[in-house]
1. Round to a whole angstrom and tell me the spacing of the C-alpha centers of region 25-55 and region 489-562.
2. Based on alpha-carbon centroids, what's the gap between region 189-223 and region 429-452 in Å, whole number please?
3. In region 486-563, if the dipole is taken from +1 on Lys/Arg beta carbons and -1 on Asp/Glu beta carbons about the Cα centre, which of Leu554, Gly540, Phe530 is farthest to the positive end?
4. Determine the equivalent ellipsoid of region 158-296 by diagonalising the alpha-carbon gyration tensor, then write out the semi-axes as square roots of 5 times the eigenvalues, largest first, rounded to whole Å.
5. Say a paramagnetic label sat at a point 7 Å from the Cα of Asp216, along Cα to Cβ; which residues of region 53-86 have their backbone N under 14 Å from it?
6. Explain nothing, just the number: relative contact order of region 202-347, from Cα pairs under 8 Å at least 6 residues apart, as a whole percent.
7. Can you tally the lysine pairs in region 344-417 where the Cα-Cα distance is under 29 Å and the two residues are eight or more apart, or on different chains?
8. Quickly rank 146-153, 225-232 as a protection proxy: mean count of other C-beta atoms within 10 Å, highest first.
Amino acid sequence: MSYTSQEISPLQKERLNYQPKLAGVLAQGINNIRLNLNESTEAVADKEEIQKLFPQVYGKPIARFCQEGSELSNEQKNVGVILSGGQAPGGHNVIAGLFDALKTANPDNKLYGFLGGPSGIVEGEYIELTENKINEYRNTGGFDIIGSGRTKLETESQFKKALEVCKSLNIKAIVIIGGDDSNTNACLLAQWMAENNTGITVIGCPKTIDGDLKNDQIEISFGFDTATKTYAELIGNIQRDANSAKKYWHFIKLMGRSASHVALEVALQTQPNITLIGEEVEARKQSLDEIVEYIANIIALRAKKGKNFGVALIPEGLIEFIPEMKTMIASLNDILAHLEKNEDYQYLAQDKKYEMITSRLDEQSAKLFTSLPSSIKAQLLMDRDPHGNVQVSRIETEKLIIEMVRTKLNIWKSQGRYQGKFSDLAHFFGYEGRCAMPSNFDADYCYSLGYNAFALIQAGLTGYLSSIKNTTKPASEWVAGGVPLTMMMNMEKRHGEMKPVIKKALVELEGPVFKALEDNREKWAMNDCFVFPGSIQYFGPSSVCDITTITLQLEQEKQLVNV
């Protein structure tokens, strides 16, 4: 058959018809649920500073939706929605859930999608999201229904422009779907709208495949489930190939800049020979050379058994967890923040830039910077991300480690300590997982997050993050509610200044998830315990299709034990 650009796959046709399961009480319908407000809250750290910055939205109580409590408003409300930051599987279902709740509550309600991310609300670029439009994107991956962007909403002029646009469309609420920085901006916008008595509320939804936006109230960020299953399938395939060919060491860098949750989850799903965890490296103050020696030693020991092959997982943000590298990068961020304003610096040859930067680093950092390959130096000096930090995804950490491991093995070979063969292959799995068709879990979870977001709007709340809990249970037992964004905030240095941000959740080295890796590490290193997860399943028994991540299962088991 011949395909046109409008054709879709048979699987996508089936997924468009999938009806996501709603969380607990939400299944009764938006007009039949009630609000309960629990204990008041405070910031996770830097409480006085956060309260001073967010006086209108600070300290709000945790919200829960139940069968009894305060009734929700049913007045007509137009809502604007923004997709912010990098893509994550399930974003379209958040919008679908929001739309369905909105139209169920009042058919006259309208949903406007701001195009290209947060810039859309500032520049007045939008479309009305209709049922026909929504139906084209249900249960699909990507953010292409309205697009995304990384514009930061943080200035007075931006807020005023956003207000003008909202007034022109009679918008009474804004939903921002994003990660920690995007939801920090959501809180800034909520504060400004409240203090200026605009009557516009702001609700956030927790998105990031990195898995670092979570706490006691947010069990998992959407997209993490699908992304890790996608990577696990790819790595399982590579492990099968490695076990068949028996001649390559595969070094695989996995997305996850500020935390190693993705690498940890995928390791538990696939059981590779080597898994590096950034938080562990930092806690043990391991140097780059110590990491290289650890890897080389496993390679040498396996070679003695005639196994000149294996798989090593490396978190994307590893380089920033190595104490000596972290110190150097922090210095580079500050130095470049000043140098990039210097026109003379912009026109210098690369080697002259290296000289100027080296002269401004302390002795230890200068020595480390000088020792790095030119390719890594260049990657460290690339344009910073919107938060003023090095773009670690562009740093080929896996290739740096391969080069250093090869050098170490060659030295050992000359000393008679290593007699194996080392053939390497490098991979980076990032974008492969960001827009995958969402798993049943993410399809259900995201639909509930969006539906729940509108319930928070109808409750008149602002500065909240949509929260769905008890997610290892069937959806009928999920608990819906909201958590104040200020509850998750602390102060951090950005662009050389202290800024309020949602605190990232790092891998807990004393937690059950890391312990599961730690308990099996030696066995997986020497033996071929590879697991081959296969592709995400959408149809079949719930035990296969609706299974959650190992991370979530282990964390929930621990909470149940501690109750």
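1. The distance from the Cα centre of region 25-55 to that of region 489-562 comes to 26 Å.
2. Here the answer is 17 Å between Cα centres.
3. Leu554
4. 43, 17, 11
5. 61-63
6. Averaging sequence separation for qualifying contacts and normalising by length gives 26 percent for region 202-347.
7. 15
8. In decreasing order of mean packing, 146-153, 225-232 become 225-232, 146-153.
Read-outs throughout are calculated quantities, based only on the coordinates presented, and are distinct from any laboratory measurement. This one's a predicted model, so the numbers in the text were calculated from it and none came from an experiment. Here the Cβ is made from the backbone with ideal geometry for all residues, glycine too, and neighbour counts use every protein chain on show.
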